[in-house]
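All of the numbers you see were taken from the coordinates with simple rules; none came from a lab. Every value quoted in this text rests on a predicted model; they were computed, and no experiment measured them. Glycine also receives a Cβ, built like all others from the backbone with ideal geometry; neighbour counts cover every protein chain displayed.
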Amino acid sequence: MNLVSESWIPVVMQDGAALQVSLMDAFRRGEEIRDLAVRPDERVALMRLLIAVAQAALDGPADEEDWKECKSRLPDVACAYLEKWRAGFELFGNGQRFLQVPELELPEEKWVPTSKLDFALATGNNPTLFDNGGGEERRFGAEYLALRLLAFQCFSPGGRIGVAFWGGSPTPGDGSSQHAPCLPGSMVHAYIRCANLLETVHVNLISRRIAGLVYGPEGWGRPVWERFPSGPDDRAAAEQATQTYLGRLVPLSRAIRLGEDGRRMILANGLSYPSFDNRGLREPEATVVVRRRQGKEDHGLLPLRQEAALWRELHSMLVKCRAGSGVGGPLALANLDEDEGFDLWAGGMIADQAKPIDLVESVFHVPAGLLLDARQRVYEKGVELASEIAGALEKAAEAYVRALSSDGGAAGGPAVSPAGMRQKMRFLYWSDVDLSVRDLIDYAAGASGETSLAESRWGRTLRRAALEAFEDACPAEGVRQMRAHAVAQQELLGRITRLLSQEAGNHREARHDRIGQKSRAVA
């Protein structure tokens with residue numbers, strides 16, 4: 001199977017039809033394709049592959065002006081490039097294979113099931129909740145294997161791994177491996193999404209000028225299929241694959257050789273990819289934020305968190321990165337004007353050391369204006385206000401428990417678990433607030449200075465969500481519980497009122513300052 005000409009990429013067409021297309025058709029029919037129809041890890045891996053092909057075919061764009069005019073010629077140059085490098089996209093056979101190591105050897109009894117390529121499937125002693133086939137040897141189609149191979153090379157977690165022989169030499173790592181380049185820190189990946197796949201790929205290209213700021217003057221590189229390492233000791237090819245922009249987009253983090261029957265494979269460690277924390281090499285779709293550690297500030301990757309929805313960090317993802325590996329969201333934001341609305345897809349994989357935990361994704365419509373620093377600060381204040389009110393809920397739960405204890409315990413009602421009550425409050429509150437984030441986005445994008453956050457629909461939503469979460473989570477079924485409930489409710493109302501009043505007061509002071517500055521400027 002050749003990935004250039006045979007269908008394997010799941011997509012949704014403009015008319016809503018679900019199809020699979022080849023790499024060639026992804027560019028040739030890109031305007032007919034609405035979007036990819038895949039899981040979050042697969043989306044990231046496919047976007048990186050499509051971008052690598054596009055940028056290698058263009059050998060650019062060189063700068064912002066070149067980016068503006070290259071979209072019209074992208075389908076033709078990409079198809080010509082894929083035809084030239086067709087041999088590097090074979091999935092099976094005796095020659096060069098796509099993201100697989102030639103001359104990789106291991107005794108057949110040490111081969112592993114190809115189901116290891118899918119993090120959602122149980123394999124051997126790696127159980128998952130909804131898959132009971134871990135003890136079986138399953139056979140998968142070529143299209144599935146191609147997609148999972150690509151995603152696995154991008155997201156494979158580090159840990160202990162088998163040792164094979166690559167061109168007669170042991171694979172690197174001595175039986176251990178590092179995270180593949182898309183996984184360190186459970187980083188957030190973000191892409192601008194447009195009306196069709198061709199536009200989506202085009203808008204996420206970065207220029208050679210920007211790549212030079214991040215990866216250095218010689219950091220453009222070539223994709224791995226153009227300069228495939230001859231072995232683990234081929235340092236020149238390994239460095240260009242792991243330390244350049246185009247080299248890193250489609251990684252060879254694991255040494256893999258698929259069996260012809262699709263059931264088993266050789267799996268060992270591949271190339272080691274320096275991460276942001278140890279070399280400052282960022283992925284182009286990642287977000288770099290300022291974080292505080294032991295009283296000091298440094299730069300780190302924005303992580304995915306199970307306990308916090310992605311909208312709480314949208315303002316961080318929308319910051320345009322203006323220099324090298326500095327603070328900011330995906331590098332492709334440089335292609336957008338500040339007065340331009342767009343969709344932003346964000347997601348990735350959460351892992352705990354060597355264990356995949358969850359796949360996460362969200363899509364945000366970002367209105368015109370939200371790329372401006374001032375609007376992002378308004379959005380950030382809205383997130384902070386939501387967190388402060390969540391803190392007020394925690395204090396109310398503590399007040400309830402104190403009042404109940406001082407009144408003789410839980411007599412007159414069912415037993416109360418303080419930890420369980422706080423957990424239920426958090427869940428109810430944030431679940432409600434998560435559904436209303438559009439109010440905050442619209443407020444921040446259109447903030448005129450007339451209405452404060454506290455007085456806005458967002459502020460009213462936060463107050464209502466907190467009070468409803470408190471009522472649902474705090475029992476009031478006996479006399480003592482009713483008294484504790486009343487005490488805690490009063491404390492909650494007081495805290496919420498103070499928070500909203502403080503925000504409204506700060507807003508009025510800031511507005512008066514702005515009016516004064518304008519008056520002095522006119523005078």
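Odds and ends about this structure:
- Net charge of the neighbourhood of residue 236, taken over other residues with C-beta under 14 Å away and scored Lys/Arg +1, Asp/Glu -1, is -2.
- Mean projection area, nm², convex hull over Cα of the stretch 207-258: 3.8
- Among the lysines of the chain, pairs that are 8 or more positions apart or on different chains and have alpha carbons within less than 30 Å of each other number 17.
- In the chain, the alpha-carbon atoms span a convex hull of 191 Å³ per residue.
- Pairs of alpha carbons in the stretch 337-438 separated by more than 19 Å make up 65% of all such pairs.
- Close amide H pairs (under 5 Å, H built 1.01 Å from N) link residue 357 with 350, 351, 352, residues at least 5 positions away or on another chain.
- The stretch 282-417 has equivalent-ellipsoid semi-axes of 38, 19, 15 Å, by the square roots of 5 times the alpha carbon gyration tensor eigenvalues, sorted largest first.
- Net charge dipole, the chain: roughly 1260 debye, given to the nearest 20, about the Cα centre with Cβ charges of +1 for Lys and Arg and -1 for Asp and Glu.
- Checking Cβ-Cβ separations below 4.7 Å across the chain identifies 70, 79, 194, 321, 474 as cysteines lacking any candidate disulfide partner.
- Percent breakdown of C-alpha pair distances by 10 Å bin, ordered from the shortest bin, for the stretch 336-386: 21, 34, 30, 15, 0
- Taking every full run of DSSP H in the chain, the ones that stretch at least 20 Å from end to end by Cα along their long axis and average 0.5 or higher on the Kyte-Doolittle scale are 40-58.
- Normalised by residue number, the volume inside the convex hull of the Cα atoms of the stretch 147-214 is 172 Å³ per residue.
- Using all pairs of distinct alpha-carbon atoms, the Kirkwood hydrodynamic radius of the stretch 9-55 works out to 10.7 angstrom.
- Sum of -39500 (n - 2.57) over DSSP H runs of 4+, divided by residues of the chain (222 nm, nearest 500): -13000 deg cm²/dmol
- Inter-part distance where the stretch 323-375 and the stretch 148-191 are each reduced to a Cα centre, Å: 25
- Across the stretch 255-262, computed HN-Hα scalar couplings (Karplus, 6.51 cos²θ - 1.76 cosθ + 1.60, θ = phi - 60°) run 7, 10, 9, 6, x, 5, 8, x Hz from first to last residue, x flagging Gly and Pro.
- Spatial separation of Cα centroids for the stretch 283-298 and the stretch 211-237, in angstrom: 26
- For the stretch 47-98, fraction of C-alpha pairs farther apart than 18 Å, in %: 38
- The convex hull around the C-alpha trace of the stretch 243-310, projected and averaged over every direction, spans 7.6 square nanometres.
- Space enclosed by the convex hull of the alpha-carbon atoms of the stretch 117-272, per residue, Å³: 155
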